[in-house]
Amino acid sequence: MIPEHAAVVAAAEAMVDNGWSGSAAEHDAALRALTEAVEALRMRRSRPAGQPTYEESDRTWGEVVIGDEILSEKTGKWYEVIRSVVNERDGTVKVNIKNVPHKPIIRPIGDPVKLKRGVNGDAADLFQLLWSDSYTLGAAAKADTTGVGPMITSEEESDED
């Protein structure tokens, strides 16, 4: 199931579970979520199906995901991304491109890049929209950290240590 279909299903379930029997605010929030999910699905359906990329856009290297195509400033050609890993510690992203997998491109997360968004990139954008502050209506989720152990601090450590 594509992310847009899953979002519609989840919003419809929330509407049925909370919208009919809950408060007026819960009903309005569930209806708003369902409406936004349906609009995202309609937007997805309006695009050509099966094409790997859509339109050129200015993004940052930190937004690049598998399936996107990046523009090389040196060659002026588009290259498909086959791997993208963000390193939060040093603020870089490592990107591998098709036909040159052994030579990664390493760039700062915030640096600009021209790219054509692929299907996975569209999904990433959808999730960003769904979990943005406007979607959650400003609600802040608080994590219960009771019983959570220390985080792994070095590359040598593992969960088994």
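Looking at the structure I just gave you, is residue 37 modelled with pLDDT of 75 or more, touching a helix residue (DSSP H, G or I) at 6+ places or on another chain (Cβ under 7 Å), assigned to a helix (DSSP H, G or I) and closer than 21 Å to residue 117 by Cα?
Against the criterion (modelled with pLDDT of 75 or more, touching a helix residue (DSSP H, G or I) at 6+ places or on another chain (Cβ under 7 Å), assigned to a helix (DSSP H, G or I) and closer than 21 Å to residue 117 by Cα), residue 37 qualifies.
Checking each residue in region 68-92 for being touching a helix residue (DSSP H, G or I) at 6+ places or on another chain (Cβ under 9 Å), under 16 Å from residue 111 (Cα atoms) and part of a loop (DSSP other than H, G, I, E, B) picks out only 91.
None of 65, 95 is part of a strand (DSSP E or B) and closer than 24 Å to residue 127 by Cα except 95. Considering (1) surrounded by 10 or more Cβ atoms within 10 Å (Cβ to Cβ); (2) aliphatic (A, V, I, L, M); (3) modelled with pLDDT under 90, the lone condition that residue 113 does not fulfil carries the number (3). Please verify whether region 59-74 includes one or more residues that are among the small types (Gly, Ala, Ser), free of Cβ contacts under 8 Å to residues at least 12 places away in the same chain and under 20 Å from residue 118 (Cβ atoms). So far as region 59-74 goes, yes, one or more of its residues are among the small types (Gly, Ala, Ser), free of Cβ contacts under 8 Å to residues at least 12 places away in the same chain and under 20 Å from residue 118 (Cβ atoms). Among the residues of region 44-71, those that are polar (S, T, N, Q) and modelled with pLDDT under 90 comprise 46, 51, 53, 57.
The values are calculated or read from the model by the stated rules, or taken from the named source; none is laboratory data. Here the structure is a predicted model, which means the values were calculated and not measured. For neighbour counting, all protein chains shown are included, and Cβ atoms are generated from backbone atoms with ideal geometry for every residue, glycine included.
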